[in-house]
Structures are given as structure tokens and as C-alpha cells.
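Since the structure comes first, as C-alpha cells, the remarks are kept for the end.
The values are calculated or read from the model by the stated rules, or taken from the named source; none is laboratory data. Keep in mind the model is a prediction, meaning the values are calculated, not measured. Please note: Cβ atoms are built from the backbone with ideal geometry, for glycine as well, and neighbour counts cover all protein chains shown. All accessible areas refer to the heavy atoms of the entire protein, side chains included, with ligands and DNA or RNA removed. Shrake-Rupley method; radii C 1.70, N 1.55, O 1.52, S 1.80 Å.
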Amino acid sequence: MKKILVINGPNINFLGIREKGIYGSQNYDALVDMINKKAEELGLDVEIFQSNHEGAIIDKIQECYGNKDGIVINPGAYTHYSYAIRDALASIESIPKIEVHISNVHTREEFRHVSVTAPVCTGQVVGLGLNGYLYAMQALCDMQ
């Protein structure tokens, strides 16, 4: 059974509260339920982690070394400027990583168009709502 970690960065815990026109009305618990159901369907052992703190996210990424088979990460705003998270992701290059964004960051404010973390990820899913997490999980499951 593949073991994956789903990491959610800043403000993802406020789904259903913040900017519903962009992020939708489903709350964080609904996202967790969706992820858990998809993991069961795919036969994945999933751990879900959310933090608003950069260091905690880095610690969690480093814990994956030798312990996880894949990572789905929504770094939130850290996507655009956290070289520390980028370096943590790069340091575990043998683990496939897929960056997910609920909204289409390429159609939003200009500062959101650049991801410093995507270049060290295997792939990126943007603009497909909460389903983006499920597509990323499927992709990790399909990787050998």
C-alpha cells in the first residue's frame, strides 16, 4: 500500500469561510472527507496535514524521507516565495510530489502566476477546485 502525505498550507483550514467566490463553499472537513474517501478507493494510506507555519510544513516534508511514497501539496501563499519549502521539496527528490491549487492561479493576481515550488514537483494541478487533490492522488497512485 502506497503511503502519501497531503500537505495544506496557510489558510486552507479556512475553506468555506474565506473568499467563497474563489475557493468555494465547502469547508476544510469536506476536503478531508473527500481525500479520505479517495484514498480508500485507491488503496492508499493517506496522512493529511495542515499548518499556517512555514517551519512546520518543512518539518513534515522532511519526515517523508524514507516514510512516504508521494506528496500532494498545496503550499498556499508560500507557493510564491518560500524558498525554504522549495528546498525541502527538492531535498527529497526521489519522492514524487504534486502541487495543487484550488483556483487557477494563472488567471489571478500577477504575483500568483509564479510558483517557486512547482519546479521541484513532479506535476501541478490548478483551477479544478477541491477535485484537484483527487486527481493528484490518482496520479501518484498511477506512478510506479
Checklist entry - How much of the accessible area of the chain, in percent, comes from carbon and sulfur atoms when a 1.4 Å probe is used? => result 48
Checklist outcome for this item: Expressed in µm² per second, the diffusion coefficient of the range 1-117 from the Stokes-Einstein equation, with Rh the Kirkwood radius over alpha carbon pairs, at 25 °C and 0.890 mPa s, is 167
Checklist entry - Between exposed chymotrypsin sites (Phe, Trp or Tyr not before Pro) in the chain, where DSSP calls loop and at most 16 other Cβ atoms lie within 10 Å, what's the longest gap? => result 1-64
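Under 13 Å from the Cβ of HIS53, count the other residues' Cβ atoms, weight Lys and Arg +1, Asp and Glu -1, and hand me the total. Working shown, then result.
Values: positive: LYS60; negative: GLU54, ASP59.
Taking every other residue near HIS53 into account, the sum is -1.
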Checklist outcome for this item: Rounded to the nearest 10 Å², the accessible area of ASP142 using a 1.4 Å probe with every protein chain kept is 100
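Write down the accessible area per residue of the chain in Å², having rolled a 1.4 Å probe over the full set of protein chains. It would help to have the intermediate numbers written out before the result.
Numbers: 7070 Å² over 144 residues.
On a per-residue basis, the chain sits at 49 Å².
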Next on the checklist: At a threshold of 8 angstrom on Cα-Cα distance, excluding pairs fewer than six apart, so keeping six or more, what relative contact order does the chain reach in percent?
Outcome noted: 27
